[in-house]
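Comments concern the structure below.
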Amino acid sequence: MATVLGSVRAFFAQSAYSIDQENPGDVVARERLLDRAMGEARFRNSSEKLRRGRVPADGLALVARDPDGYVIGTVRLWNVEAGVDASGNAVPALLLGPLAVDPEHEGKGIGSALMRAAVTEAATRGHGAVLLVGDAPYYERFGFFADKAKHLVMPGPSERDRFLALELKQGWLGGAAGVLVPSGRRFGRAGLRKAA
């Protein structure tokens, strides 16, 4: 399947960073970056309950690399069921997060580049919607709004105005209501190879 990452790499070829698929060699660097950027509190949020024991959605674990190849940013998207529709059918969607940039590289547009690449790749792969928990003023510029998630609930405490959604296919979340539940592959040896 052709993806947009080739064109993203070409665009950033002249930059101080590039966007690429995460690979197994990035795991330790990604975890250290998340520790620096978010601390231990990241393990207690409601989004973590949906990610725990799962691997990211196919092709939707991205990293930003500096010119030497070091990981300086990360974003992952996860398969979830966004409640059910009016007929009682589960509504497949993606949950974005965590998005993080190494504190030493903040303010260079890396987070925005990761967001754009992730959303574009999700749309290219045929997904219908992306949800996240985050600051509305930051994520609204990428098309995420609270009203798209108004009938959905995170599986744990979260601030209602920080629960946002972007429809990649118009009307995808129109009739969706209920609690988000994980639906992606479970973590395991085969899953680990595919996640990268």
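Restrict the check to the stretch 51-67 and report whether at least one residue is without any contact (Cβ under 8 Å) to a residue 24 or more places away in the chain and surrounded by 14 or more Cβ atoms within 10 Å (Cβ to Cβ). Within the stretch 51-67 (the criterion being without any contact (Cβ under 8 Å) to a residue 24 or more places away in the chain and surrounded by 14 or more Cβ atoms within 10 Å (Cβ to Cβ)), the answer is no, since none of the residues qualifies. Checking every residue in the stretch 92-100 against the condition of being over 19 Å from residue 168 (Cβ atoms) and either in a helix (DSSP H, G or I) or over 11 Å from the mean Cα position of the chain (by Cα) (or both) gives zero matches. If you filter the stretch 101-131 down to residues that are part of a strand (DSSP E or B) and β-branched (Val, Ile, Thr), you find that the one that is nearest to the chain's Cα centre (by Cα) is 130.
Table: residues versus (1) among the small types (Gly, Ala, Ser); (2) touching a residue at least 24 places away in the same chain (Cβ under 8 Å).
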site	(1), (2)
114	no, yes
120	no, yes
126	yes, no
132	no, yes
145	no, no
149	yes, yes
153	no, yes
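For residue 47, the conditions (1) over 14 Å from the mean Cα position of the chain (by Cα); (2) among the polar types (S, T, N, Q); (3) in a helix (DSSP H, G or I) are fulfilled apart from (1).
Sort out which residues of the stretch 79-94 are touching a residue at least 40 places away in the same chain (Cβ under 8 Å) and buried (at least 24 other Cβ atoms within 10 Å of the Cβ), and write them in order of number. Within the stretch 79-94, 80, 82, 93 meet the criteria.
For the stretch 178-189, the count of residues that are of a type in the set (Gly, Ala, Ser) and over 19 Å from residue 57 (Cα atoms) is nonzero. So in the stretch 141-166, with the set limited to residues that are more than 21 Å from residue 182 (Cα to Cα) and touching a helix residue (DSSP H, G or I) at 6+ places or on another chain (Cβ under 9 Å), which one is modelled with the lowest pLDDT? Among those that are more than 21 Å from residue 182 (Cα to Cα) and touching a helix residue (DSSP H, G or I) at 6+ places or on another chain (Cβ under 9 Å), it is 161. Residues that are assigned to a helix (DSSP H, G or I) and hydroxyl-bearing (Ser, Thr, Tyr) were ranked within the stretch 135-166; the one that is surrounded by the fewest Cβ atoms within 10 Å (Cβ to Cβ) is 138.
Would the stretch 18-30 turn up any residue that is more than 14 Å from residue 114 (Cβ to Cβ), at pLDDT 90 or above, surrounded by fewer than 12 Cβ atoms within 10 Å (Cβ to Cβ) and of a type in the set (Gly, Ala, Ser)? Within the stretch 18-30, one or more residues are more than 14 Å from residue 114 (Cβ to Cβ), at pLDDT 90 or above, surrounded by fewer than 12 Cβ atoms within 10 Å (Cβ to Cβ) and of a type in the set (Gly, Ala, Ser). Checking the stretch 167-184 against the condition returns a match, with at least one residue being at pLDDT 95 or above, within 16 Å of residue 54 (Cβ to Cβ) and not in a strand (DSSP E or B).
The values are calculated or read from the model by the stated rules, or taken from the named source; none is laboratory data. As the structure is a prediction and not an experimental result, all values here were calculated from the model. Don't worry about glycine lacking a Cβ; one is built from the backbone with ideal geometry, like all the others, and counts go over all protein chains shown.
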